[in-house]
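Structure first, then comments.
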Amino acid sequence: MERFQELMEEYSPMIYQIIHSLHIYKNHDEFYQIGQIALWEASNQFDETKGAFLSYAYATIKGRILTEITKQKRQEERNIYPKEEFWEIQASPLSRKPLELADLLFYCKGLSPKQQKWVIGTFYYGKSLSEIAKEEKVSESAVKKWKKAAMDKIKINIGC
């Protein structure tokens with residue numbers, strides 16, 4: 001333990017230098033502690049026959065800190081929460097009141113009863129193609145045909 005205290009005194013500036021060189025600006029204490037743990041592991045695993053302790057300690061400490069940075073970055077990416085503005089309901093031109101039935105019937109002049117069912121079902125009641133098809137006991141493709149024919153006639157009626 002006494003030997004490790006000496007190592008800490010000697011290598012503490014190196015840990016701070018690594019933290020500084022990696023541009024770590026928050027959680028200094030956490031990264032310093034990771035550096036200390038890496039130094040402890042390096043001192044226990046060092047093999048004198050493979051080189052100098054200084055190089056081994058530097059590589060071990062920097063590697064451990066880089067690994068932790070990567071872990072934290074992944075965690076942040078997985079847990080991104082949108083800002084409060086995201087959750088606010090925005091009033092848009094499309095979110096105005098649904099058309100009144102009388103207004104819809106004005107646009108339905110010249111449409112067949114089936115085409116009118118599509119227009120009223122879609123724009124007044126907010127139903128989907130499949131819902132209209134179920135109610136009328138026809139296929140969705142039949143309702144799509146009603147829709148296309150109705151849209152073509154409405155475009156002619158309003159002069160588009």
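Restricted to the range 30-83, and to residues that are in a loop (DSSP other than H, G, I, E, B) and of a type in the set (Phe, Trp, Tyr), which residue is surrounded by the fewest Cβ atoms within 10 Å (Cβ to Cβ)?
Tyr81
Just to be sure I understand, how many residues within the range 2-16 are surrounded by 13 or more Cβ atoms within 10 Å (Cβ to Cβ) and of a type in the set (S, T, N, Q)?
Of the residues in the range 2-16, 1 are surrounded by 13 or more Cβ atoms within 10 Å (Cβ to Cβ) and of a type in the set (S, T, N, Q).
A short reminder: the numbers here are calculations on the coordinates, not readings from a lab. Just so it is clear, the model here is predicted, and its values are computed rather than measured. When we count neighbours, we look across all protein chains shown, and the Cβ atoms used for this are built from the backbone with ideal geometry, even at glycine.
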